[in-house]
Amino acid sequence: MNLGEARTRVRFFINEPTAAQWTDADIDGLIIAANREVYADIVARTIDYFHKTVRIRYTPGAVSLDLAAATDLDAGGTVGNWSRIIAVFTLQSDDDPSTSNVPQVVPVAEDLLSLYDSGRVGPNEDPWNNVVTSGGSYKVCANNLFLYPFNSEDQYLWIHLVPRVTDVAVGVDAGNLLDGYLTQHHDIIPMLAAIDILVNVGEDSTDLKSRFSRRFQTMIDTIGLQQQSQSPTRVTSAH
């Protein structure tokens with residue numbers, strides 16, 4: 001569903017076929033807000049349905065890196081905003097992952113302090129002075145990516161993450177909602193926008209809220225089943 005189609009559906013739900021109290025711009029803003037909310041709810045309730053990979057260069061000896069502002073070696077530009085980190089891998093070079101550039105998983109630290117608990121004693125007990133090349137661990141705080149141990153050479157990382165939703169442009173009716181995903185469930189977005197309108201003017205929105213809740217749960221259940229069908233069957237001692 002694109003922005004123009006969603007606006008038509010909102011007007012159907014609020015029984016205002018043409019602009020009277022609510023302009024197209026008003027409704028567009030509510031649709032975009034609803035699109036963000038539904039996207040965020042999907043991300044919170046499902047496991048990595050939305051997925052993106054980036055490759056970045058971690059500069060030698062860097063204490064941390066602003067991940068959102070880092071250059072994406074895959075697509076150019078910057079990594080941009082993201083919702084969750086799925087996994088981080090190291091690569092031997094800045095090329096794509098391959099049999100000659102095999103990704104090595106980097107474990108996540110339970111807390112930031114554990115990054116610098118190197119277990120070293122004596123002259124090397126100060127982690128800030130350690131220059132080592134063996135794999136370590138990482139931690140993300142806000143947009144800051146901390147990678148340890150420190151390294152005297154460039155480190156190349158292949159990162160799997162969940163991006164934030166890309167807003168459609170106001171006034172560009174051809175822009176698809178939910179980044180073009182989940183087309184069979186797009187009707188819940190104009191439903192949510194219409195609920196906001198009905199609440200704003202004090203009209204009863206109980207029926208529409210109930211319909212929205214059912215449709216949203218159906219969508220989440222469908223996504224869950226899709227993801228479960230991709231999981232390998234596990235054999236346990238009970239079998």
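Answer yes or no: is there a residue in the stretch 51-64 that is of a type in the set (A, V, I, L, M, F, W, C), within 20 Å of the chain's Cα centre (by Cα), within 30 Å of Val170 (Cα to Cα) and modelled with pLDDT of 95 or more. Yes, that holds for at least one residue.
Here's the yes/no breakdown for (1) closer than 22 Å to Leu145 by Cβ; (2) open to solvent by less than 60 Å² (accessible area, probe 1.4 Å):
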{"residue": "Ala19", "(1), (2)": "no, no"}
{"residue": "Thr46", "(1), (2)": "no, yes"}
{"residue": "Arg57", "(1), (2)": "yes, no"}
{"residue": "Val108", "(1), (2)": "yes, no"}
{"residue": "Ser114", "(1), (2)": "yes, yes"}
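With a requirement of 1 or more residues that are touching a residue at least 40 places away in the same chain (Cβ under 8 Å) and among the basic types (Lys, Arg), the strands (runs of 3 or more DSSP E) lying completely within the stretch 1-112 that satisfy it span 52-58, 82-91.
Taking each residue of the stretch 209-226 that is modelled with pLDDT under 90 and looking for partners that are open to solvent by 40 Å² or more (accessible area, probe 1.4 Å) with beta-carbon atoms closer than 7 Å, six or more apart or interchain, yields Ile220/Arg45; Ile223/Tyr49. What about Phe89, is it surrounded by 11 or more Cβ atoms within 10 Å (Cβ to Cβ), within 30 Å of Met219 (Cβ to Cβ), among the hydrophobic types (A, V, I, L, M, F, W, C) and modelled with pLDDT of 85 or more? No; evaluated as a whole, the condition is false for this residue.
Please specify each residue of the stretch 195-226 satisfying the condition of being open to solvent by less than 60 Å² (accessible area, probe 1.4 Å), under 19 Å from Arg11 (Cβ atoms) and of a type in the set (Val, Ile, Thr). Passing the criteria: Ile195, Ile197, Val201. Taking each residue of the stretch 150-172 that is over 16 Å from Tyr58 (Cβ atoms) and looking for partners that are at pLDDT below 95 and in a loop (DSSP other than H, G, I, E, B) with beta-carbon atoms closer than 6 Å, six or more apart or interchain, yields Val162/Phe50; Arg164/Asn81; Val168/Gly175; Ala169/Gly175. What number of residues within the stretch 36-67 satisfy the criterion of being within 21 Å of Met191 (Cβ to Cβ) and touching a His at 6+ places or on another chain (Cβ under 9 Å)? Total meeting the criteria: 1. Per the conditions (1) exposed (fewer than 14 other Cβ atoms within 10 Å of the Cβ); (2) touching an Asp or Glu at 6+ places or on another chain (Cβ under 8 Å); (3) modelled with pLDDT of 90 or more, the sole criterion not satisfied by Gln104 is (2).
Taking the criterion of being at pLDDT 90 or above, of a type in the set (Val, Ile, Thr) and over 12 Å from Leu177 (Cβ atoms), the residues of the stretch 14-41 that qualify are Ile14, Thr23, Ile27. Just one of the listed residues (Ala87, Ala68) is touching a Gly at 6+ places or on another chain (Cβ under 8 Å) and not hydroxyl-bearing (Ser, Thr, Tyr), namely Ala68.
The values are calculated or read from the model by the stated rules, or taken from the named source; none is laboratory data. In this text, all values refer to a predicted model and were calculated from it rather than measured experimentally. Quick reminder, even Gly has a Cβ in these numbers, built from the backbone with ideal geometry, and neighbours come from all protein chains shown. Side chains included, ligands, DNA and RNA excluded: accessible areas come from the protein's heavy atoms. Shrake-Rupley method; radii C 1.70, N 1.55, O 1.52, S 1.80 Å.
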